[in-house]
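Derivation of every value follows stated rules applied to the coordinates shown; laboratory data play no part. Since this is a predicted model, take the numbers as computed values, not measurements. In this analysis, Cβ positions are derived from the backbone assuming ideal geometry, glycine residues included, and neighbour counts consider all displayed protein chains.
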Amino acid sequence: MQNSSLFCPSNVDYWFIYYCWGGFCLFLLIQVRWVSVISQRKIIHLDMDAFFASVEQRDNQKLQGLPVVVGGQPDSRGVVAACSYEARQFGIHSAMPSSRAHRLCPQAVFVAPRIEAYRAVSVIIQQIFRRYASEVEPLSLDEAYLDVSDSEMFAGSATHIAQAIKAEILEETQLVASAGVSYNKFLAKIASDMDKPNGLYVIKPTQGERFVADLAVAKFHGVGPVTAAKMHRLGIQTGRDLRAKSKQQLQAAFGKSAEYFYNIARAIDLRPVCSVRRRKSLGKETTFTTDIADINVLREQLIELSDKLWQRLERDDLQAKTFTLKVKYANFRQISRALSVAQTIKQPSEMHALLLELLLRVELGQQAVRLLGVTASGFAEQGLADNRGRQLELFDVSDKL
Ligand code: TTP
Ligand code: MG
Ligand code: MG
């Protein structure tokens, strides 16, 4: 009878509550420790100023101090890839048609891109980053996130580390970079843009929430022009307005992105800096305002779309072996076709040829087209693109209804 008291219901309850309480305390401790580790991170985002244009000005003294546009010639259908800060004073910016840039500033000098020169600079700056941080996440040729939380350099001061990196970049490349320093990636990226050119902007943990509250949502990384317009329609102009919306309201309006918006409105971004970050595919698509049946118009649209894709590929230093064409017809039937080549595509004209070939295989002419999409994949390792002969291989990706 004495022993049985050990197993009486009240004792079981007691131990159960004891274990639960202990587990809960442990859980809390881990959470508190984790949150404090996260909020004490030191992240630097570095981004070169007017990258392509600055390399051109550096390599050609005659261009220094002038409005320089890197991209298509004004009489072509090309667009601006980069422009010097002198050119920006005239309202020129990336992705603008070159013809418009010329109208805004007739004295601007137009230069064709030299991607190999930019890639060479990119290799140097990435080497510099790795001298200062164990975790370096390149975002494109001219920028990267660095996690310096564990660095003992400069007594652990991320601001001084950023200063040293900027100085080293200037010394080794004769080019200027801007840095943003903060406790997460979202804030660091915004910070690097705050004080351009030659900027160094710091957002401390005590300033993050206030900073985001005052910031226009259009400036948020991850809020493109379409989302910004939608937010404006919902009365969301600033981070403060965004924060006032409940999770449910955000979910109703923005679906999968709601969680991200909910967090960044509170200056919370737990994404780690990941050294290995390989994109698997990159795509662009466009839905026409009215369905298009004319094959010649579709060809033009396809070239325009693929040029946009090419710009992104260049910016992210990606070379693809596979291109996929997606076509959605007026009746919503969707077809995708892909072509792979043995070597990575080096010229936009080669990509055009592939895509035009694919366009012939999507049963055009039966239905007007409502959407065209192009995707690049099968990326080569950076700098390891092979040069073997081309072998075309056609395969169907999917035929969806
Ligand atoms: P960004 O860093 O966005 O721009 P930037 O370096 O020219 O200017 P900023 O001082 O504002 O940072 O892009 C880096 C390079 O990527 C840019 O020099 C050219 C290329 N690029 C394109 O080719 N197309 C584009 O639409 C953009 C935005 C950039
Ligand atoms: Mg830049
Ligand atoms: Mg950049």
Helix 348-359 sits off the longest principal axis of the Cα atoms of the chain, rounded to the nearest 10 on a 0 to 90 degree scale, by 90 degrees
Among Ala267, Ala342, Phe16, which residue has its Cα furthest toward the positive end of the charge dipole of the chain, with +1 on Lys/Arg Cβ and -1 on Asp/Glu Cβ? Phe16
Proxy reagent accessibility, fewest Cβ within 10 Å first, across Cys274, Cys20, Cys105: Cys20, Cys274, Cys105
Along the positive direction of the dipole of the chain (beta-carbon charges: Lys, Arg +1; Asp, Glu -1; about the Cα centre), which of Gln366, Ser182, Val80 reaches farthest? Gln366
How large is the dipole of the chain about the Cα centre if only Lys and Arg carry +1 and Asp and Glu carry -1, each at its Cβ, rounded to the nearest 20 debye? 880 debye
Relative contact order for segment 41-204 using alpha-carbon pairs under 8 Å, separation at least 6, rounded to a whole percent? 28 percent
Scoring segment 210-264 by relative contact order with C-alpha pairs under 8 Å, at least six apart, yields a percentage of 33 percent
With a ≥ b ≥ c the root eigenvalues of the C-alpha gyration tensor of segment 41-204, is it rounded (a/c under 1.5), prolate (a/b larger than b/c) or oblate? prolate
Candidate cut points under GluC sites (Glu not before Pro) in segment 282-389, DSSP loop plus at most 13 other Cβ atoms within 10 Å of their own Cβ, are Glu363, Glu381
What is the helix-to-structure angle for 158-173, meaning the angle in degrees between its Cα long axis and the longest Cα principal axis of the chain, kept from 0 to 90 and rounded to the nearest 10? 20 degrees
Proxy reagent accessibility, fewest Cβ within 10 Å first, across Phe220, Phe52: Phe220, Phe52
Quote the charge dipole size of segment 155-290 about the Cα centre in Debye, to the nearest 20; the model charges only the Cβ of Lys and Arg (+1) and of Asp and Glu (-1). 640 debye
Only bridges whose two residues both fall in the chain count here: according to DSSP, what percent of them are antiparallel, nearest 5? 90 percent
With the crude spin-label approximation of a point 7 Å out along Cα→Cβ, what separation in nm comes out for Arg333 versus Gln207? 5.9 nm
Please check which bits of segment 161-195 a label hung off Met153 would reach, taking the label as a point 7 Å along Cα-to-C-beta and the cut-off as backbone N under 12 Å. 161-169
Relative contact order as a percentage, the chain, C-alpha pairs under 8 Å and 6+ apart, gives 13 percent
So what's the angle, to the nearest 10 degrees on a 0 to 90 scale, between helix 115-132 and the longest Cα principal axis of the chain? 20 degrees
At a 10 Å Cβ-Cβ cut-off, how would you order Asp47, Asp214, fewest neighbours first? Asp214, Asp47
